[in-house]
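Please read the structure below before turning to the comments.
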Amino acid sequence: MATELVIFDMDGTTVKSVDGIMYSMNLVLEKANFPTHDEEAYKGFIGGGTRALVTKALPEKNRTEEEIDKYCKEMLKTYGENWDYGLKLYDEIPEVLDYLMNKGIKIAINTNKADHLAKRIVDKLFDKWEVSCTIGDREDLPKKPDPAGVYKIIEELKVNPEACIYVGDSGTDVQTAKNANIKSVGVTWGFRKRDDLLKADHIIDHPSELIDIL
């Protein structure tokens, strides 16, 4: 069946956002006199939403529910002020989006990033293309790898699940696709190693390779 919809993850898949996340979280940590982390560490922290990120970034002794709640609020505020710091699309992503638009294939975003920030990033970086649906972390839907976000996208866009492909850089993304019973493509240019993507239907090293799969 011909592809009608490609659902992309955001961080590490379409958008290089680690600079802004690292900058913001390190500001929070510095303010609290906690150790900061480098880019490689943040690549491992990203993917499970803000709470997971903050939990991993905090010193172990400070990972109480009360402190996690406190620093989650501070991170959301700080990142809300610096969300576009160093923000850009990965190389070749614009060409892939052009191809999808020209072929009439719908584009959607499903991310564990806070929903309002995900939509701001789409408005800033994806303004040349029609993104039919963006679903981030929000209270009425569980986070990935729960397939609820994917189901919501498919329902809203009225697309046959067999005509959908999910593209992401982590095992969480691959499992999300598996849980939704749609095809998965793992990408190696993001935040995870190839070993995390072995259960994907396809693994690609460059965005342009997605065109061959379609």
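For the reader, a short list of remarks on this structure follows.
- Between Leu214 and Glu162, the contour length at 0.36 nm per residue exceeds the alpha carbon distance by 17.5 nm.
- Springs join every pair of Cα atoms under 10 Å in this Gaussian network model of the chain, and among Lys43, Lys61, Lys73 the largest mean-square fluctuation is at Lys61.
- Fewest-first sequence of Arg138, Arg192 by Cβ atoms within 10 Å of each Cβ: Arg138, Arg192
- Over the residues of the chain, the helix contribution to mean residue ellipticity at 222 nm works out to -13000 deg cm²/dmol, using -39500 (n - 2.57) for each DSSP H run of at least 4.
- Protection proxy ranking, peptides 4-13, 170-179, average beta carbon neighbours within 10 Å, highest first: 4-13, 170-179
- Eligible lysines near Lys128 by straight Cα distance, threshold 19 Å, same-chain separation 8 or greater: Lys16, Lys88, Lys103, Lys106, Lys119
- Once the convex hull of all Cα atoms in the chain is built, its volume per residue stands at 111 Å³.
Where a number appears in this text, it was derived from the coordinates with a stated rule and is not lab data. Please read these numbers as outputs of a predicted model, since none were measured by experiment. All Cβ positions, even for glycine, are placed from backbone atoms using ideal geometry, and neighbour counts span all protein chains on display.
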